[in-house]
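Engineer: Once you've had a glance at the structure underneath, I'll fire off some questions.
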Amino acid sequence: MADYIPRTDANFDAWQTSFVAVVNGNLAGYGLVAGDMTPVTTAQTAWNSGFSAQQTAQAAAEAATQTKDANRETLTAAIRALVRKIQATPSVSDTDKAAAGITVPDTTPTPSGPPATAPVGKVDTSQRLQHTIHFSDSATPTSKAKPAGVRGCEIWMKVGTPPPTSASDLAFVTLDTRTPHVIAFDGADANKTITYWLRWVSTRGETGPWSAAVSATVSG
């Protein structure tokens with residue numbers, strides 16, 4: 001059974017004001033005398049004072065927060081403008097930049113190494129004699145973005161059964177830099193099972209681990 005007293009302060013304030021007024025206006029009808037209301041009206045006076053003070057303080061705090069945020073944005077913009085000038089001044093040393101707590105540019109490229117994750121493949125077979133291969137990264141399967149340092153996705157396949165047991169059973173299809181990739185088949189391939197393996201290739205030509213195998217039938 002729901003509590004008759006409202007949960008939020010604003011609703012409670014309106015309710016208690018009405019409650020006290022109604023009951024005070026008909027004490028006999030509620031089986032009460034004036035003394036019965038004394039604890040309530042005393043507590044009401046304290047509530048009204050405290051609630052009003054809290055509302056005033058909250059409004060002041062919100063206004064102060066808005067002022068603080070605006071001042072921070074102004075200061076941040078001024079600092080960024082100054083830092084751009086510092087970064088553009090060749091005579092400023094990296095030591096001085098570090099001492100000021102600003103970015104020290106890394107001028108030495110760090111090799112990214114081979115991809116550490118594998119693609120996740122999904123095959124759309126809704127079109128006749130066509131497979132549409134969607135791929136994403138296993139670390140971010142809901143995003144179309146490739147991992148950092150990756151050039152594209154290698155797609156390999158085997159037509160028919162049994163499924164491949166090693167990379168030597170596969171035929172290279174393509175290196176695609178953007179999902180999805182569409183493969184068109186001849187009528188002779190209708191109803192055949194195609195198994196796909198995928199792997200990332202870095203911008204340096206290094207390959208990552210193979211994906212889990214994905215199989216689909218060619219719609220005839």
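Engineer: Looking at Thr41, Thr17 in this structure, which one is under 21 Å from Gln58 (Cβ atoms), among the β-branched types (Val, Ile, Thr) and in a helix (DSSP H, G or I)? It would help to see each step written out before you state the result.
Structural biologist: Values: Thr41 fails: under 21 Å from Gln58 (Cβ atoms).
None of the others qualify; the one that does is Thr17.
Engineer: Next up: Could you name every one of the strands (runs of 3 or more DSSP E) located completely within segment 98-198 that has at least 2 residues being touching a Leu at 6+ places or on another chain (Cβ under 9 Å) and within 21 Å of Ala213 (Cβ to Cβ)?
Structural biologist: Working: elements: 119-124, 130-137, 150-159, 171-176, 181-184.
Result: 119-124, 130-137, 150-159.
Engineer: Same structure, new question: Return a yes/no flag: does segment 34-41 have any residue that is touching an Asp or Glu at 6+ places or on another chain (Cβ under 9 Å) and surrounded by 11 or more Cβ atoms within 10 Å (Cβ to Cβ). Can you show your working first?
Structural biologist: Quick first cut of segment 34-41, residues touching an Asp or Glu at 6+ places or on another chain (Cβ under 9 Å) only: none.
No, that holds for no residue.
Engineer: Across segment 62-96, what is the total count of residues that are part of a helix (DSSP H, G or I), within 19 Å of Asp106 (Cα to Cα) and aliphatic (A, V, I, L, M)?
Structural biologist: Total satisfying the criteria: 2.
Read the figures in this text as sums done on the coordinates, not as results from a lab. Predicted model, so just to flag it, every value in this text is computed and none were measured. Quick reminder, even Gly has a Cβ in these numbers, built from the backbone with ideal geometry, and neighbours come from all protein chains shown.
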